[in-house]
Amino acid sequence: MKLAKLTESEQLVMKCVWMKDKHMSLPEIVSLANEHYSKEWKPQTVSTFLNHLVKKGFLNLYRDGRTFRYQPLIKEEEYSSFLLKSHIEFWNNNSIEAFAMSLCKKEVVSKEKRAVLKKLLDELED
């Protein structure tokens, strides 16, 4: 299945769904989005985003007794990798070298974080 890019609001809703290790109901998602991301969304607003996510194939909606629940069909890591790959292809002309150079600029990543990154890369070679 080909992944689609999500709007910022859809991404935020998916982050809420991915935060929990259970299938979530609309009230749970609304509460988490409003608390964790300082939103003031109404259930109807979140329901609209959830419907888009179902249509895009990111979520499955099913009935659990009297409650409707949302089950993620795409893993967070899968979507994150998709976004990173898209970013490298578009902004860095599909050059991992250009991406790494832009990532490692002082303004983007601190010296300490670059050292951690270097260590991780060195460990990959073993």
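The table below gives the values:
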| item | result |
| --- | --- |
| Helices (runs of 4 or more DSSP H) contained in segment 32-110 and holding at least 2 residues modelled with pLDDT of 95 or more | 43-55, 76-91 |
| Residue, least open to solvent (accessible area, probe 1.4 Å), within segment 111-126, restricted to residues that are in a helix (DSSP H, G or I) and acidic (Asp, Glu) | Asp122 |
| The one condition in (1) of a type outside the set (Gly, Ala, Ser); (2) at pLDDT 95 or above; (3) loosely packed, with under 12 Cβ neighbours inside 10 Å that Asp21 fails to fulfil | (2) |
| Positions within segment 6-31 being part of a loop (DSSP other than H, G, I, E, B) and within 10 Å of the chain's Cα centre (by Cα), in sequence order | Leu6 |
| Residues (closer than 14 Å to Lys5 by Cα, free of Cβ contacts under 8 Å to residues at least 24 places away in the same chain and open to solvent by less than 70 Å² (accessible area, probe 1.4 Å)) located in segment 51-80 | Val54, Ser80 |
| Scope segment 3-21; condition touching a residue at least 40 places away in the same chain (Cβ under 8 Å) and acidic (Asp, Glu); matching residues | Glu10 |
| Check on Ser31, loosely packed, with under 11 Cβ neighbours inside 10 Å, farther than 26 Å from Leu3 by Cβ and of a type in the set (Gly, Ala, Ser) | no |
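The values are calculated or read from the model by the stated rules, or taken from the named source; none is laboratory data. Only a predicted model underlies this, so the values are computations on that prediction, with no experimental measurement involved. With ideal geometry, Cβ positions are generated from the backbone for all residues, glycine too; neighbour counts draw on all protein chains shown. Heavy atoms of the whole protein, side chains included, go into the accessibility calculation; ligands, DNA and RNA do not. Shrake-Rupley method; radii C 1.70, N 1.55, O 1.52, S 1.80 Å.
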